Amino acid sequence: MKSIAFGQYYPADSILHRLDPRIKVILTVLYIVCSFLCKNIISFALLLASALLLIAAGKIPLKVILRGLRPVLIILIFTAFLNIFWTKGETLLFGWRFIKIYAEGLYAAAFILVRIATLIIGTGMLLTYTTTPIALTDALEDLLSPLKKLHVPVHSFAMMMTIALRFIPTLTEETDKIMTAQKARGADFSEGSLVKRAKALIPILIPLVVSAFNRAEDLAIAMECRCYHGGEGRTRMTVRRLRFVDFIPLALVLLLGASLILLNILGFGYTMR
Amino acid sequence: MKEPFVETRELSYRYESADAAEPRVLRDLSVTIGKGEFVAVLGHNGSGKSTFAKLLNMILTPTGGKVFVMGKDITDENMTDEEVLALRKRMGMVFQNPDNQLVATIVEDDVAFGPENLGVPSKEIRRRVDEALSELGMSDYATHEPHRLSGGQKQRVAIAGILAMLPDCIIFDESTAMLDPVGRKEVMDAVVRLNREKGITVIMITHYMEEAALADRIIVLNDGRVLLDGSPEAVFEEEALLRSCGLAVPQCTELVHRLREAGIPLDGACVFPEQCAELIMKSLNKER
Ligand SMILES: Nc1ncnc2c1ncn2[C@@H]1O[C@H](COP(=O)(O)OP(=O)(O)OP(=O)(O)O)[C@@H](O)[C@H]1O
Ligand SMILES: [Mg+2]
């Protein structure tokens, strides 16, 4: 099926799937902060362990997670490479002509790898794989609802996001169709200079944009027929109430953050400058 | 005649963007549709069917004439927003392209969209969604993503989404036009059942004569006017008139008409293949 750059919901029955999406959004933010708090080898080990724990808690097959990492593989390899060869340190491990590899370089490469990988795994496990896009937008709408008082159109943004998510597969499919149609008419997207290839995309983009506008018009009428009139007076089928268990992961992540700060103060093992 | 449900009086409409030389899309259209009726609306492309449908739930405002729904004048300028919502809840509408009417990324969330807009309490929404999905045989797909369903299934989800608003009437605007024969049958079975079992008034715009034959009554529009209005049997008798405005009759009806022209005595109307077979059998038996 269509593989989309960002991770997609993976249905399963797990602790993370059942966790309140609002909590998950907060957890994600905290988790990102945590990953930037890491400075030494023990904190990174902890971070890695927490990512593995998340994978286990979310019951997502490793295959799916590795597939999610694939798009950033090049970036990962590239940054690791840069760090290994460019970092100057004190302990020289290997030196041949101008190539000098320091222990610090290896550490830096490993750290950055762990940081990026855990960031992706963390957000994936907490949000994209275990939360339906609808639950996610609902959660964001809830969390941002205080902004409604400042006349920020929070509901409209959430609705826009939902619709965008709903139409990504439809438009992807349509792009494929148009490309095939243009290829059948002799269009060539894979050869020639960059300018030529960019030009070849115009006959795809124009029909796509036109059709997107037509769809938008249809959808607007269909939504009106279904009594849509903005966020006012709207109810929801699933109302979520926070339960006690929802706070446990929150406590765990706070604990993780506290230990990371403590480790930074104590400074065990090799510490990143 | 049944108690009237929708009534239009000299309804006319002209699109603002259309140039002045063009005739109005609808011209003094007066029809009455009874409560619980199953009406098919036929007409060639551009005859104003979709425009007519959109006037019935105030998506468009008529440029002339009036529309009454359950005796209430919906073209009244003083209609409040609540009244418009109540009207749209009452007159559900299903469109042609299933992809362009589903809003949510999960089937059941989409079905819940209408009731959510109406401010129905959460528990009640849940109940309605489950009921609507089971009514259309889509319960097993409640947590699926719509874009992975077949066309017929998507269209059934769209119908469930309307049904969950508990409408009195559903307008189908060529809702089977983009489906394959299997999907078309799924949808038509659902439509007929909703009409017969739930007593929902159905206004079905279609280009398929075989579908129109299932209705209690057919209204043929031509150039914004009612050309024919009657039972399928009566309407399909007028083959020449239908042809003159670019429409056909069901194949079986045509066969009977041709046989008659060829001098074979077949009496009685025919709109379904079964009827056709019966008529031919009868005539063969008579000959023997
Ligand atoms: N938004 C619009 N602006 C201007 N003219 C329009 C608009 N929509 C439709 N029309 C014109 O109004 C006429 C009737 O259109 P309508 O969509 O009601 O026809 P229809 O019977 O539904 O046709 P079809 O079978 O193709 O769906 C057509 O001539 C069409 O070109
Ligand atoms: Mg139409």
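The values are calculated or read from the model by the stated rules, or taken from the named source; none is laboratory data. Keep in mind the model is a prediction, meaning the values are calculated, not measured. A quick note on method: Cβ atoms are made from the backbone with ideal geometry, for glycine too, and the neighbour counts reach across all protein chains shown. Heavy atoms of the whole protein, side chains included, go into the accessibility calculation; ligands, DNA and RNA do not. Shrake-Rupley method; radii C 1.70, N 1.55, O 1.52, S 1.80 Å.
Details
- Under the criterion of Cα pairs below 8 Å and six or more residues apart, the relative contact order for chain A equals 31 percent.
- Summed buried accessible area for A+B [probe radius 1.4 Å, Å², rounded to 100]: 3200 Å²
- Cα gyration tensor shape for chain B, rounded if a/c is under 1.5, else prolate or oblate: oblate
- Rounded if a/c under 1.5, otherwise prolate or oblate - chain A, Cα gyration tensor axes: oblate
- Peptide-level mean, for A:164-171, of C-beta atoms on other protein chains within 10 Å: 4
- Taken one residue at a time, the phi angles of the range A:144-152 give Karplus couplings (6.51, -1.76, 1.60, θ = phi - 60°) of 8, 4, x, 5, 4, 5, 8, 6, 7 Hz. Gly and Pro are set to x.
- Net charge in the neighbourhood of A:Val33 (other residues with Cβ under 14 Å of its Cβ; Lys, Arg +1, Asp, Glu -1) is +2.
- Per-residue 3J(HN,Hα) values for the range A:85-95, derived from phi via the Karplus relation 6.51 cos²θ - 1.76 cosθ + 1.60 with θ = phi - 60°, read 8, 9, 6, 9, x, 9, 8, 7, 9, 8, x Hz in sequence order (x marks Gly and Pro).
- Residue-by-residue Karplus 3J(HN,Hα) for the range B:142-151, coefficients 6.51, -1.76, 1.60, Hz, glycine and proline x: 3, 9, 7, 8, x, 6, 9, 8, 6, x
- A:Phe189-A:Phe247 pseudo-label distance in nm [points 7 Å out on the Cα-to-Cβ vector]: 5.2 nm
- Chain B: most fluctuating residue of B:Leu87, B:Leu255, B:Leu227 per GNM, C-alpha cutoff 10 Å: B:Leu255
- Across peptide B:117-129, the average count of Cβ atoms from other chains found within 10 Å of a residue's Cβ is 4.
- Carbon + sulfur, % of accessible area of the protein assembly as shown - ligands and nucleic acids excluded, 1.4 Å: 62 percent
- Probing with 1.4 Å while keeping every protein chain in the model, the per residue accessible area of the protein assembly as shown equals 51 Å².
- From its DSSP helices (H runs of at least four residues, each -39,500 (n - 2.57)), the protein assembly as shown gives a residue-normalised ellipticity at 222 nm of -17000 deg cm²/dmol.
- Pairwise FRET efficiency - A:Ala49 versus B:Asn78, Cβ, R0 = 60 Å, nearest 0.05: 0.35
- Sequence-distant residues sharing a close amide H with B:Arg225 (under 5 Å, placed H): B:Arg27
- Under 5 Å, built H, 5+ apart or other chain: amide partners of B:Met204: B:Val39, B:Ala40, B:Val41, B:Phe172
- Burial here means at least 40 square angstrom less accessible surface with every protein chain in place than with the chain by itself, probed at 1.4 Å; in the range B:79-116 the buried residues are B:Leu85, B:Arg88, B:Phe95, B:Asp99, B:Asn100, B:Val103, B:Thr105, B:Asp109, B:Phe113, B:Glu116.
- Three-way shape label, the range B:165-288, alpha-carbon gyration tensor, a/c 1.5: prolate
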